[in-house]
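The values are calculated or read from the model by the stated rules, or taken from the named source; none is laboratory data. In this text, all values refer to a predicted model and were calculated from it rather than measured experimentally. Backbone-built Cβ (ideal geometry, glycine too); neighbour counts: all protein chains shown. Heavy atoms of the whole protein, side chains included, go into the accessibility calculation; ligands, DNA and RNA do not. Shrake-Rupley method; radii C 1.70, N 1.55, O 1.52, S 1.80 Å.
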Amino acid sequence: MPEPAETIDGWYCLHDFRSIDWTSWKRVPEDERHQILAEFISMVEDWIDNEQKEEGSYALYSIVGQKADLMFMLLRPTMQELERIEKAFNQTRFAEYTIPAYSYISVVELGKYMFRGEGDPLEDPSVRERVFPILPKWEHICFYPMDKKREGDDNWYMMPAKERGQLMYGHGMVGRKYSGYVKQVITGSVGFDDWEWGVTLFAHDVIQFKKLVYEMRFDEASARFAQFGAFYVGNVLEKDAIADYFQV
Ligand code: VOV
């Protein structure tokens, strides 16, 4: 049997996508809308506090297109904490005006392909930074889930570890060209959700997503093995811009 890939796992991750029920929202009197938003903003402030204490991280983006309007990406040390946040959000008055659109459960993952260190990788500060990341608040986000194929000769899980390592090396080389333009957070979801990985990309210039994802399609690891779910793309929603976004 080919050697299973070893992973270093960090914070648990919830991607939570919501659509806004704009028709109902528009009917809410203005002063009440302010109160409802204040409660939501105070929740975002809690996420910011948590991130400042380095006990987790968050990203808040508005999504373009009809798949959703908002996306929260939350990282926490336990699945219980993620559930508590989800429940706390669902109990806000603001949640009454949102419709769940999609969610994704995973854990920040680093493949051991590139890790050459000795001992416990979680004691290596450069590894800790990768698996307990403070999420960038760059202008744009792109999220999609993916699998590695298991079909005939293109079965990722039947390939010897060395060959997989070579392909991941080639993959990393393509990715490195985008250093400073695109930041990737790969989360593993085998056993947690419907796909094998969540791919979350951050960029200052949205066109860099298209360039990177397109270039990767030609790289063997993706060309032969990658299968993709739905793509979501969005713009950063800073705390101070929330009130404006919900102005109707
Ligand atoms: C921003 C660019 C970028 C860079 C630098 C980069 C580098 C790397 C390295 C070095 C490694 C291996 C070690 C590790 O870190 O796990 C990975 C791993 C991985 N990647 Fe990647 N990736 C990028 C970007 C990047 C993209 C755009 C995608 C989506 C693929 C596409 O076609 O749309 C992706 C996917 C993945 C996945 C699913 C894994 C885990 C695969 C596994 O079998 O374990 N990735 N990735």
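Those residues that are open to solvent by less than 30 Å² (accessible area, probe 1.4 Å) and over 13 Å from residue 224 (Cβ atoms), I need them from region 156-171; list them, please.
165, the sole residue that qualifies.
Determine the pairs where a residue that is without any contact (Cβ under 8 Å) to a residue 24 or more places away in the chain, located within region 205-225, has a partner that is more than 9 Å from the ligand (Cβ to nearest atom) and assigned to a helix (DSSP H, G or I) with Cβ atoms under 6 Å apart, the partner being 6 or more residues away or on another chain.
none
Mind checking whether some residue in region 23-32 is of a type in the set (D, E, K, R) and surrounded by 14 or more Cβ atoms within 10 Å (Cβ to Cβ)?
no
Could you name every one of the strands (runs of 3 or more DSSP E) located completely within region 156-236 that has at least 3 residues being more than 7 Å from the ligand (Cβ to nearest atom) and closer than 26 Å to residue 71 by Cα?
So the answer is 182-188, 197-203, 232-236.
Take region 196-215 and flag every residue that is touching a Phe, Trp or Tyr at 6+ places or on another chain (Cβ under 8 Å) and open to solvent by less than 80 Å² (accessible area, probe 1.4 Å). Give the derivation first.
Filtering region 196-215 for residues touching a Phe, Trp or Tyr at 6+ places or on another chain (Cβ under 8 Å) gives 198-205, 208, 211-212.
Answer for region 196-215, where residues must be touching a Phe, Trp or Tyr at 6+ places or on another chain (Cβ under 8 Å) and open to solvent by less than 80 Å² (accessible area, probe 1.4 Å): 198, 199, 200, 201, 202, 203, 205, 208, 212.
As an exercise: evaluate residue 57 against (1) closer than 23 Å to residue 238 by Cβ; (2) of a type outside the set (Val, Ile, Thr); (3) open to solvent by 30 Å² or more (accessible area, probe 1.4 Å) and give the number of the one condition it does not meet.
(3)
Any residue in region 99-115 that's of a type in the set (S, T, N, Q): show its pairings with residues that are modelled with pLDDT of 95 or more and within 11 Å of the ligand (Cβ to nearest atom) at Cβ separation under 7 Å, as long as the two are six or more apart or on different chains.
Pairs that qualify, where the first residue is of a type in the set (S, T, N, Q) and the partner is modelled with pLDDT of 95 or more and within 11 Å of the ligand (Cβ to nearest atom), are 106/187; 106/188; 106/189; 106/198.
Take the residues in region 110-128 that are within 10 Å of the ligand (Cβ to nearest atom) and out of contact with any Phe, Trp or Tyr (no Cβ under 9 Å at 6 or more places or on another chain); name whichever of them is modelled with the lowest pLDDT.
Looking at residues that are within 10 Å of the ligand (Cβ to nearest atom) and out of contact with any Phe, Trp or Tyr (no Cβ under 9 Å at 6 or more places or on another chain), I get 115.
Looking only at region 60-98, how many residues end up being in contact (Cβ under 8 Å) with a residue 60 or more places away in the chain, more than 18 Å from residue 24 (Cβ to Cβ) and surrounded by 13 or more Cβ atoms within 10 Å (Cβ to Cβ)?
Adding up the residues that qualify gives 17.
Report yes if some residue within region 129-144 is over 30 Å from residue 25 (Cβ atoms), open to solvent by 40 Å² or more (accessible area, probe 1.4 Å) and free of Cβ contacts under 8 Å to residues at least 60 places away in the same chain; otherwise report no.
Our first condition is that a residue be over 30 Å from residue 25 (Cβ atoms); within region 129-144, this holds for 129-134.
The next check asks that each one be open to solvent by 40 Å² or more (accessible area, probe 1.4 Å); those that pass are 129-130, 132, 134.
Adding the requirement that they be free of Cβ contacts under 8 Å to residues at least 60 places away in the same chain leaves 129.
The answer is yes; a qualifying residue exists.
Find the residue count for region 146-155, including only residues that are more than 7 Å from the ligand (Cβ to nearest atom) and of a type in the set (A, V, I, L, M, F, W, C).
0
Of all helices (runs of 4 or more DSSP H) completely enclosed by region 1-109, which ones contain at least 3 residues that are β-branched (Val, Ile, Thr) and modelled with pLDDT of 95 or more?
Because the criterion is at least 3 residues that are β-branched (Val, Ile, Thr) and modelled with pLDDT of 95 or more, the helices (runs of 4 or more DSSP H) in region 1-109 that meet it are 30-52.
For region 237-248, what are the residues that are outside any helix (DSSP H, G or I), open to solvent by 60 Å² or more (accessible area, probe 1.4 Å) and farther than 24 Å from residue 180 by Cα?
247, 248
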